[in-house]
Amino acid sequence: MKFTKTLTALALSGALAIGYWDFKDNTMEISRKSEISKLPIKSSFCQRADMNNNGLEDYVVAGPLVGEDKVAIYLLENKKTHYEPKLLHDEIPLKNASFELRDLNNDGLKDISIRGRTQIEKIRTHWKCFNLINKGAFYIQE
Ligand SMILES: [Ca+2]
Ligand SMILES: [Ca+2]
């Protein structure tokens, strides 16, 4: 009898834990999608990483600006209950841009390396790379 009760309690706490996490994940997913839809970019490309080392996974979102031939890059900072968008750069003159998140200067903070085609060269494809160095509270282009 006691054994059955323990099993039931375990099953219940398990179900509650799963329910809690599902709820939490959905809330963050809704917040992320809603914040991305508000950004003035035509399409988006995002990657997840803890950019400020606070244990919460943030998102970095990039995409071409509406009506301009430039790429904007945003940080969606994880605030536990929602994501807070922050513009990092909106003057990146690249086409077909993609980026990767890695620590370029070995200071323990992940940086953003953006790569894409330059718009000046029309005959030959010319690839260029921009680095946004993470300084904690802000990012600088190098
Ligand atoms: Ca974080
Ligand atoms: Ca770094």
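No value in this document is a laboratory result; all are computed from the given coordinates. As the structure is a prediction and not an experimental result, all values here were calculated from the model. Cβ atoms come from the backbone with ideal geometry, glycine included; neighbour counts cover every protein chain shown.
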remark   = Rounded to 0.05, the calculated FRET efficiency for the beta carbons of K42 and N105 at R₀ = 30 Å is 0.45
inquiry  = What does the C-alpha gyration tensor say about the overall shape of the stretch 55-98? Classify as rounded when a/c is under 1.5, otherwise prolate if a/b is larger than b/c, or oblate.
reply    = prolate
ask   = What are the GluC sites (Glu not before Pro) within the stretch 44-100 that DSSP puts in a loop, where the Cβ has at most 16 other Cβ atoms within 10 Å?
value = E57, E68
query = In nm, to one decimal, how far is the S34 label point from the K135 one, both placed 7 Å along Cα→Cβ?
reply = 3.3
request  = Output the pairs from K70/K128; K95/K135; K42/K110; K42/K95; K79/K110; K33/K80 with a Cα-Cα distance over 23 Å in this structure; if there are none, say none.
outcome  = K95/K135; K42/K110
task = For each of T118, T81, count neighbouring Cβ atoms within 10 Å of the residue's Cβ, then give the residues from fewest to most.
result = T81, T118
